[in-house]
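Notes for the one structure printed next.
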Amino acid sequence: MPPEEDEPPPAASPPTFEIWPSHWDVWQLFTRCATQWHHAGTDGQATGLRYDAVRLVARLMKIPFTMDLLDDLQVLEDEALVIWAEQRAEALERLEAERGRR
């Protein structure tokens, strides 16, 4: 067998994107707060960030917690919630399609 057929497929590289310097602090804060989400429901869906914890992380990172920062953070938070909802809907569709084939 040729070597290329014997090797696993290459891992997909993560998407790259540009972050404007004016958004760097909020991006850093958002990614550092990955574990600071409220969860609800039987499946533990994220419902929003824990702002008390976010404020503490911002202080530790020496990022001023201003209204502009909060506004930008909420844009990222809202988009994350939309993406996760879409992913849940797609997963549910796949499950329902799989059940339909049985």
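Every number in this text was worked out from the coordinates using simple rules, so none of it is lab data. Since the model is a prediction, treat every value here as computed from it, not as a measurement. We place every Cβ from the backbone using ideal geometry, glycine too, and count neighbours over all the protein chains shown.
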remark   = Long-range amide H partners of W37, meaning residues 5 or more apart or on another chain whose placed amide H is closer than 5 Å, are R50
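Compute the relative contact order of the range 21-101 as a whole-number percentage, counting only Cα pairs closer than 8 Å that sit 6 or more residues apart in sequence. Before the final figure, lay out each step's value.
Details: 44 pairs, mean separation 20.7, N = 81.
26 percent.
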note = So for the chain, using the alpha carbon gyration tensor with a ≥ b ≥ c as root eigenvalues (a/c under 1.5 gives rounded; past that, a/b versus b/c decides prolate or oblate), I'd call it oblate
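Please report M67, M61 as a ranked list, fewest other C-beta atoms within 10 angstrom at the top and most at the bottom.
Working: M67 7, M61 13.
Arranged by neighbour count, lowest to highest, M67, M61 become M67, M61.
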ask   = Using alpha carbons only, how many degrees (0 to 90, rounded to 10) separate the axis of helix 51-60 from the longest principal axis of the chain?
value = 70 degrees
inquiry  = Using a Gaussian network model on the chain with a 10 Å cutoff between Cα atoms, which of V54, V75, V26 fluctuates the most?
reply    = V75
request  = Of the options A53, A97, L70, report the single residue whose Cα projects farthest towards the positive end of the charge dipole of the chain (beta-carbon charges: Lys, Arg +1; Asp, Glu -1).
outcome  = A53
task = Just grab the label-to-label distance for D78 and L60, each label 7 Å out from Cα along the Cβ direction, in nm (one decimal).
result = 2.8 nm
